[in-house]
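The values are calculated or read from the model by the stated rules, or taken from the named source; none is laboratory data. On a predicted model such as this, the values are computed, not experimentally measured, just so you know. Cβ placement follows ideal geometry from the backbone for every residue including glycine, while neighbour counts extend to all protein chains displayed.
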Amino acid sequence: MGRKSEKMLVKLRLPRKLVDRLDRIARERGIRRSRLIASLLADWVEYYVEDRFEPFSMRLDRVGVIDKLLGEIVVVRIVRGEPYCDYCKSFTCGHARYVKKLYSRKRREILMEEADLGD
Ligand SMILES: [Zn+2]
């Protein structure tokens, strides 16, 4: 991906209360405010974009996901049985949701293979 590090500076005038909230969440997660906002916006825009994600690497408890909107490769690990995004430090971001979908698809394939073997 040649445009991987392409970033733009965007100025936004936002309500102070909203920014305070975002800052608190970002601090709690241990990520920067800009990363939190980019992730939230990408999750929102996702519904208007075709194929935002692409699996990059898949191991038992660790999936690398190419996020074409953010221009990043994001690592999602399985923590206590749930996908956890290292990039957003979140169980609920678009990356975690995507990996959850990937795994349930995989599980269904495995179950179907097992059912075939049972015949
Ligand atoms: Zn994420």
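Does any residue in segment 39-52 that is assigned to a helix (DSSP H, G or I) and at pLDDT below 90 come within less than 9 Å, Cβ to Cβ, of a residue that is of a type in the set (D, E) and exposed (fewer than 10 other Cβ atoms within 10 Å of the Cβ) six or more places away or on a different chain, and which pairs are these?
Hits for this filter: zero, empty list.
Taking segment 54-63 as the search range and keeping residues that are part of a strand (DSSP E or B) and among the charged types (D, E, K, R), which one is surrounded by the fewest Cβ atoms within 10 Å (Cβ to Cβ)? Even if it seems obvious, please write down each step before you answer.
Taking segment 54-63 as the starting set, the residues that turn out to be part of a strand (DSSP E or B) are 54-59, 62-63.
Applying the additional criterion that residues be among the charged types (D, E, K, R) yields 54, 59, 62.
Values: E54: 12, R59: 9, R62: 13.
Going through the qualifying residues, I end up with R59.
Would you call I66 within 21 Å of K7 (Cα to Cα), part of a helix (DSSP H, G or I) and within 14 Å of the ligand (Cβ to nearest atom)?
Details: within 21 Å of K7 (Cα to Cα): yes; part of a helix (DSSP H, G or I): no; within 14 Å of the ligand (Cβ to nearest atom): yes.
Criteria not met by I66.
Which one of these is under 29 Å from S104 (Cα atoms) and buried (at least 17 other Cβ atoms within 10 Å of the Cβ): I31, I73? Full working, then the answer.
Details: I73 fails: buried (at least 17 other Cβ atoms within 10 Å of the Cβ).
The unique qualifying residue is I31.
Out of the residues in segment 84-106 that are in a helix (DSSP H, G or I) and in contact with a Cys (Cβ under 7 Å, 6 or more places away or on another chain), state the one that is farthest from E54 (Cα to Cα). Can you show your working first?
Taking segment 84-106 as the starting set, the residues that turn out to be in a helix (DSSP H, G or I) are 94-106.
Checking which are in contact with a Cys (Cβ under 7 Å, 6 or more places away or on another chain) leaves us with 95-96.
Details: H95: 10, A96: 13 Å.
The selected residue is A96.
Could you list, in sequence order, all residues of segment 80-115 that are surrounded by 15 or more Cβ atoms within 10 Å (Cβ to Cβ) and more than 16 Å from the ligand (Cβ to nearest atom)?
none
Need pairs with beta-carbon distance below 9 Å; first residue at negative phi and within segment 91-104, second near the ligand (Cβ under 9 Å from one of its atoms) and small (G, A, S); sequence gap 6+ or separate chains.
Hits for this filter: C93/S39; C93/A42; G94/S39; G94/A42; H95/S39; A96/S90.
Given R21, R13, which one is more than 10 Å from the ligand (Cβ to nearest atom) and loosely packed, with under 11 Cβ neighbours inside 10 Å?
Numbers: R21 fails: loosely packed, with under 11 Cβ neighbours inside 10 Å.
Only one candidate passes the filter, namely R13.
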